[in-house]
1. Between the alpha-carbon centers of the stretch 1-56 and the stretch 258-311, tell me the distance in whole angstrom.
2. Which of ALA335, ALA261, ALA322 ends up with the largest GNM mean-square fluctuation for the chain, with Cα atoms connected below 10 Å?
3. Quickly estimate the mean residue ellipticity at 222 nm for the chain, helices only: each DSSP H run with n ≥ 4 gives -39500 (n - 2.57), and the total goes over all residues, rounded to 500.
4. When you count, for each residue, the other Cβ atoms within 10 Å and take the mean per peptide, how do 293-301, 141-149, 224-232 rank with the highest first?
5. Using the Cα centre as the reference, give the magnitude of the dipole from point charges on the C-beta atoms of the stretch 300-370 (Lys, Arg: +1; Asp, Glu: -1; all else neutral), rounded to the nearest 20 debye.
6. How large is the dipole of the stretch 45-129 about the Cα centre if only Lys and Arg carry +1 and Asp and Glu carry -1, each at its Cβ, rounded to the nearest 20 debye?
7. What's the center-to-center distance, using Cα atoms, between the stretch 195-218 and the stretch 344-370 in Å?
8. For the stretch 130-138, what does the Karplus curve 6.51 cos²θ - 1.76 cosθ + 1.60, with θ = phi - 60°, yield as ³J(HN,Hα) per residue in whole Hz, taken in order and with x for Gly and Pro?
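Every read-out reported here was derived from the displayed coordinates using simple, explicitly stated rules and does not represent laboratory data. What you see is a predicted model; the values in this text were computed from it and never measured. Heads up, the Cβs are rebuilt from the backbone with ideal geometry, glycines too, and the neighbour counts pull from every protein chain shown.
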Amino acid sequence: MRRARPAIRLWHRWFGLLAGLWLLLLAVTGSVITYYDELDTALNPDLRLAEAASAPAVEAPVTTAIASAKAELPEFTAWHIDLPDRPRESIWMIGSAQVDGREVSVQAFGHPETGAFIGWRESGVWSLHRHHLPDLFYGLHVDLLTAPWVTWFFGLVSLLWLIDHFLAVVLAVPRIALWKDAFRLKGRAGSLRRLFDWHRAPGMWAWPVTFVLALTGVTLAWPEDSRTAVRLVAPVSERLDFSFPDRPVETPAVSIEQAMARVGPAEDVDSVRLIPRKGVYGVRTFDPRDPDYQGRLWTYVDMTDGRVVASRHDNGEGAGDAFFAWQYPLHSGQAFGEIGRALVFLGGIVTAALCWTGVDLWLRRRRRSA
């Protein structure tokens with residue numbers, strides 16, 4: 001291993017210099033969107049929160065909210081409905097509409113009791129307006145708000161970062177007997193040794209968190225390639241609706257509220273996905289098996305007669321399905337509740353600091369050797 005250290009050091013240096021900017025971007029934006037809902041609600045209470053109802057509550061607020069959005073947004077079509085989790089939260093409808101003669105992705109918001117239209121915003125907009133700022137951070141983290149190939153590139157950065165995790169440990173711990181030193185700060189303030197320790201020690205302390213972020217970054221950016229790889233050792237299932245025959249339904253005979261009622265109490269429903277090409281609603285409900293804050297039990301209800309077509313939890317039946325069910329909860333930190341989210345937030349901050357100290361260390365060493 002000692003003979004390999006120069007090559008490992010060369011890899012670590014050039015990985016940091018070439019991928020550091022992208023890793024810094026992913027780290028900062030990832031830390032921000034760890035608290036996406038809290039940030040969005042704080043910046044945009046006019047969209048995310050509803051005022052006290054000035055009209056009587058209706059029996060079908062979701063259906064009414066979609067109708068209200070259609071009246072305000074030309075050719076609005078809802079794809080996904082996120083139902084309120086807490087009092088005063090609005091109904092969040094994600095879909096498409098015609099805006100200035102072009103079809104764009106939009107988010108519309110409705111009152112949870114009356115279904116009245118609250119407001120809307122376009123998705124994926126380069127804007128610092130408070131309505132768009134949370135989505136801007138999210139888009140920068142996923143694909144720079146540009147194209148799918150950027151998501152692929154971010155997956156490559158994550159893969160190289162994953163490899164670098166192991167090589168960095170080799171550099172941080174030159175001899176097993178000195179492993180404790182890798183977690184300590186030594187040297188006088190302002191010295192090159194202190195800067196080196198500020199680059200090494202936080203990385204070692206945060207290694208388990210950043211390793212998980214790197215691994216899940218690969219699987220989330222490269223979902224199909226990751227599934228192909230995992231299938232070599234364990235079966236992996238696709239979403240049930242992928243196997244349904246195409247049976248387009250333009251005007252459902254069964255309302256969203258009726259579909260929800262076929263599944264269970266309204267308070268158990270997290271969200272509803274509209275899949276008219278398959279003629280079903282995908283109703284997501286909370287379940288004790290859920291690894292995060294999202295309902296992971298999918299129940300598919302026929303749009304024409306209200307039959308329950310199929311049901312399955314994201315955990316699936318085997319290790320392969322469970323592995324992928326845990327990827328987003330681990331990447332977001334939600335798998336371990338508020339402590340997990342805090343760790344992911346800090347993991348992003350530490351990663352950003354490592355990018356900064358790594359470049360600073362390289363520059364100071366170059367000046368010193370010049």
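1. Taking the Cα centre of each part, the stretch 1-56 and the stretch 258-311 sit 31 Å apart.
2. Judging by the Gaussian network model, the answer is ALA261.
3. Values: 13 runs with 179 residues, N = 370.
Mean residue ellipticity at 222 nm (helix-derived): -15500 deg cm²/dmol.
4. On the way: 293-301: 21.1, 141-149: 14.6, 224-232: 12.9.
The packing order, highest mean first, is 293-301, 141-149, 224-232.
5. Values: 8 positive and 7 negative charges, 211 e Å.
Dipole of the stretch 300-370, to the nearest 20 debye: 1020 debye.
6. Numbers: 6 positive and 12 negative charges, 17 e Å.
It comes to approximately 80 debye.
7. 12 Å
8. With coefficients 6.51, -1.76 and 1.60, one gets 4, 5, 9, 4, x, 5, 4, 4, 5 Hz.
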